[in-house]
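Working notes for the structure below.
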Amino acid sequence: MAVLTALTTIATIVIVIPLPATGYLNFGDALVMLSGLMLGPLGGFIAGGVGSAMGDVVLGYVHFAPITLVVKGCEGLVMGLFSSRARSASLLTRWDVVGLAVSSLVMMTGYFLAEIPLYGYGAALAELLTANWLQVAVGSIVTVIVGPVARRFLQNTLYPSESDDLLVMQNE
């Protein structure tokens, strides 16, 4: 969980595209979604929320960190809830795809509602239709590409099959 939290922070702060009215565009969503996919609901909430909020702090958006903690945490939690139904699958399942869609809606809705009192309805809507939409689209695409590999890695690391254990024992 700590590694995915750190990777989420890094993905949030490495490529930053400032937005004139509200904040910035980043690629941390991919790690938020992957955290939910790999770690389940609680791990997705913690790694996604804390990692993204730390990115806000590092980039000087301290005032937004609590909002990010909740919104991105809920995004990872929702992704984890849907993906945990298919934890043993080595490929992405329909539950994973539904999780990507619903967690994307959670992120976009959460930021939209949080930005209305801060920036006004127009600016919040503009960010929803541009940056937030693009951010979850890129995050979803990365998750579709990397998710199956990450899931297989996690399965092989945490739950190696008996045949793998026998091979290790024979080589020792």
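The values are calculated or read from the model by the stated rules, or taken from the named source; none is laboratory data. Predicted model, so just to flag it, every value in this text is computed and none were measured. Note that each Cβ is placed from the backbone with ideal geometry, even for glycine, and that neighbours are counted across all protein chains shown.
Here V50, V3 are screened, and the one residue that is touching a helix residue (DSSP H, G or I) at 6+ places or on another chain (Cβ under 7 Å), farther than 22 Å from L128 by Cβ and among the hydrophobic types (A, V, I, L, M, F, W, C) is V50. Entry remark, segment 50-61: residues being in a helix (DSSP H, G or I) and either over 16 Å from L25 (Cα atoms) or touching a residue at least 40 places away in the same chain (Cβ under 8 Å) (or both) number 7 in total.
So that you can scan it fast, the table gives a plain yes or no per residue for (1) surrounded by fewer than 24 Cβ atoms within 10 Å (Cβ to Cβ); (2) touching a His at 6+ places or on another chain (Cβ under 9 Å); (3) not aliphatic (A, V, I, L, M):
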position: I17; (1), (2), (3): yes, no, no
position: P20; (1), (2), (3): yes, no, yes
position: L39; (1), (2), (3): yes, no, no
position: G55; (1), (2), (3): no, no, yes
position: G76; (1), (2), (3): no, no, yes
position: R94; (1), (2), (3): yes, no, yes
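Of the candidates G120, G73, the single residue that is modelled with pLDDT of 85 or more and at positive phi is G120. Of all residues in segment 24-37, exactly one satisfies the criterion of being outside any strand (DSSP E or B) and surrounded by fewer than 22 Cβ atoms within 10 Å (Cβ to Cβ), namely F27. For segment 61-71, the candidate set comprises residues that are of a type outside the set (A, V, I, L, M, F, W, C) and in contact with a Phe, Trp or Tyr (Cβ under 9 Å, 6 or more places away or on another chain); within that set, the residue that is surrounded by the fewest Cβ atoms within 10 Å (Cβ to Cβ) is Y61. Would you say V3 is crowded, with 20+ Cβ neighbours inside 10 Å and out of contact with any Cys (no Cβ under 9 Å at 6 or more places or on another chain)? Answer is no for this residue.
For segment 107-141, the set of residues classified as surrounded by fewer than 20 Cβ atoms within 10 Å (Cβ to Cβ) and β-branched (V, I, T) consists of T109, I116, T130, V138, I141, listed by residue number. Condition test on S88, is it at pLDDT below 85 and among the hydroxyl-bearing types (S, T, Y)? Yes: the conditions hold for S88. Being small (G, A, S), in contact with a helix residue (DSSP H, G or I) (Cβ under 9 Å, 6 or more places away or on another chain), farther than 21 Å from S140 by Cβ and not in a loop (DSSP other than H, G, I, E, B) is a description that does not apply to A11. If you go through segment 80-103 and pick out every residue that is closer than 18 Å to L4 by Cα, of a type in the set (A, V, I, L, M, F, W, C) and free of Cβ contacts under 8 Å to residues at least 60 places away in the same chain, you end up with 1.
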